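A short write-up of the structure that comes next.
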Amino acid sequence: MNFDLTKLLRPHIAELQPYTSARDEYTGKIGVFLDANENPYGSITDQDYNRYPDPYQQELKEKISEIKKVDPSQIFLGNGSDEAIDLLFRAFCNPGKDNVILLPPTYGMYEVSASINDIETRKVALTSDFQLQPEKIIGATDERSKIIFVCSPNNPSGNKVKREEIRFLLKNFTGIVVVDEAYIDFNDEPSFTTELEEFPNLLVIQTFSKAWGLASLRLGMAFGSKEIIRILNRIKPPYNISGLTQETVLKAMSNYGKVKKMIQEILIEREFLKERLEQLPFIQHIFPSHANFLLIKMPNATEVYNELIEQKVIVRNRSKVLLCEDCLRISVGTRNENEAFLKALKKVVSKTV
Ligand SMILES: Cc1ncc(COP(=O)(O)O)c(C=O)c1O
């Protein structure tokens with residue numbers, strides 16, 4: 001495999017003179033700050049937010065580095081992991097010329113981001129048990145293929161993708177392989193961050209939106225080679241992570257024990273939901289899950305979905321998605337929420353099936 005990052009990069013990005021913010025030019029914390037046109041009197045809120053935050057989130061990255069065992073220089077933080085996905089297109093994909101490979105059914109934002117950036121998507125479907133077709137994927141690439149997006153555990157199917165097959169892509173593709181691990185904390189396998197040293201073309205994406213319970217704060221992570229991370233940092237908006245988010249997450253990280261506890265509870269509830277669903281004769285299939293949701297197949301799924309909404313139980317209808325005909329995706333809730341869902345489901349199905 002011949003990986004040449006400079007060849008992959010869009011030429012105008014290589015030559016870009018990035019914006020330098022006030023907080024780039026002077027990084028000290030003490031002084032009379034008259035450099036960023038801020039309000040010197042404070043904020044209208046109880047807590048002050050009048051100063052711009054650290055553009056590179058150094059303190060937060062140090063802390064993330066301890067937990068994730070990845071050097072801070074190999075960590076990019078985005079306004080949700082969706083920001084990292086979008087920046088990859090902007091850095092590497094020339095509109096109207098380059099292409100990326102998507103493996104449906106998978107997370108919808110890869111395609112939306114590609115469309116926004118006017119990038120061709122080449123699709124190689126997963127198998128019926130939602131695994132890769134590695135040879136076919138490599139066969140679909142050409143010299144204009146820049147990125148392959150792999151999601152593991154995969155959304156919306158919930159399964160983990162075979163590790164050896166992801167490694168095959170990493171070894172045989174000359175572009176970047178993104179491994180989106182939004183649901184890694186619910187998996188029983190280690191993250192691909194352990195393989196960063198071996199593969200310069202690997203970019204692992206994770207998020208604080210799932211296991212950490214911080215979806216509203218919008219904080220996503222990308223882990224990759226120093227060189228790839230440097231490129232993402234050069235093109236990101238200067239203050240892409242708010243001071244409030246940086247502070248809150250920094251504090252939350254010393255409470256990692258609570259995250260582990262919540263993960264354990266979600267895993268117990270996933271099993272509870274699965275067992276209860278297995279007892280329902282109208283459920284045709286429950287797909288194996290290594291995430292915090294279950295994909296289930298049943299007759300008339302769209303009707304069931306609509307009736308569930310009438311009962312004020314909201315799940316995700318995936319019936320129109322490739323290989324997910326008649327499937328609903330159920331996020332694992334608390335015991336009360338799961339019981340409410342099961343009760344509503346039984347009631348609804350007695351009417352629709
Ligand atoms: C696979 C996958 N990647 C990324 C995301 C986006 O996460 P974030 O909230 O960090 O933007 C999601 C959200 O559902 C997801 O399912």
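The values are calculated or read from the model by the stated rules, or taken from the named source; none is laboratory data. All values derive from a computational prediction rather than experimental measurement. FYI the Cβ positions are ideal-geometry reconstructions off the backbone, even for glycines, and counts take in every protein chain you see. These accessible areas exclude ligands, DNA and RNA; they are computed on the full protein's heavy atoms, side chains included. Shrake-Rupley method; radii C 1.70, N 1.55, O 1.52, S 1.80 Å.
Is it the case that the stretch 48-61 has a residue that's open to solvent by 50 Å² or more (accessible area, probe 1.4 Å), within 23 Å of Thr194 (Cα to Cα) and either without any contact (Cβ under 8 Å) to a residue 12 or more places away in the chain or out of contact with any Lys or Arg (no Cβ under 8 Å at 6 or more places or on another chain) (or both)?
So far as the stretch 48-61 goes, yes, one or more of its residues are open to solvent by 50 Å² or more (accessible area, probe 1.4 Å), within 23 Å of Thr194 (Cα to Cα) and either without any contact (Cβ under 8 Å) to a residue 12 or more places away in the chain or out of contact with any Lys or Arg (no Cβ under 8 Å at 6 or more places or on another chain) (or both).
Scan the stretch 50-68 and give yes if some residue there is of a type in the set (Ser, Thr, Tyr), in a loop (DSSP other than H, G, I, E, B) and under 20 Å from Ser242 (Cβ atoms), otherwise no.
yes
Go through the stretch 305-341 and report how many residues are in contact with a Lys or Arg (Cβ under 9 Å, 6 or more places away or on another chain) and open to solvent by less than 10 Å² (accessible area, probe 1.4 Å).
5
Would you point out which residue out of Phe282, Phe272 is part of a loop (DSSP other than H, G, I, E, B), touching a residue at least 12 places away in the same chain (Cβ under 8 Å) and out of contact with any His (no Cβ under 6 Å at 6 or more places or on another chain)?
Values: Phe272 fails: part of a loop (DSSP other than H, G, I, E, B).
Sole residue among the options that is part of a loop (DSSP other than H, G, I, E, B), touching a residue at least 12 places away in the same chain (Cβ under 8 Å) and out of contact with any His (no Cβ under 6 Å at 6 or more places or on another chain): Phe282.
I need the full set of residues from the stretch 47-91 which are more than 19 Å from Gly213 (Cα to Cα), within 16 Å of the ligand (Cβ to nearest atom) and of a type in the set (Val, Ile, Thr), in order please.
Once the filter is applied, which keeps residues that are more than 19 Å from Gly213 (Cα to Cα), within 16 Å of the ligand (Cβ to nearest atom) and of a type in the set (Val, Ile, Thr), the stretch 47-91 yields Ile75, Ile85.
Kindly indicate whether any position in the stretch 163-178 is open to solvent by 10 Å² or more (accessible area, probe 1.4 Å) and within 16 Å of the ligand (Cβ to nearest atom).
no
List the residue pairs whose Cβ atoms are under 7 Å apart, where the first residue sits in the stretch 152-167 and is of a type in the set (Val, Ile, Thr), the second is part of a loop (DSSP other than H, G, I, E, B), and the two are 6 or more positions apart or on different chains.
As it stands, the answer is Val161/Gln131; Val161/Leu132; Val161/Ser152; Val161/Asn154; Ile166/Ser152, since those pairs meet every condition given.
Given the conditions (1) within 22 Å of Glu227 (Cα to Cα); (2) out of contact with any Gly (no Cβ under 9 Å at 6 or more places or on another chain); (3) open to solvent by less than 10 Å² (accessible area, probe 1.4 Å), which single one is not true for Ile147?
Checking Ile147 against (1) within 22 Å of Glu227 (Cα to Cα); (2) out of contact with any Gly (no Cβ under 9 Å at 6 or more places or on another chain); (3) open to solvent by less than 10 Å² (accessible area, probe 1.4 Å), the one that fails is (2).
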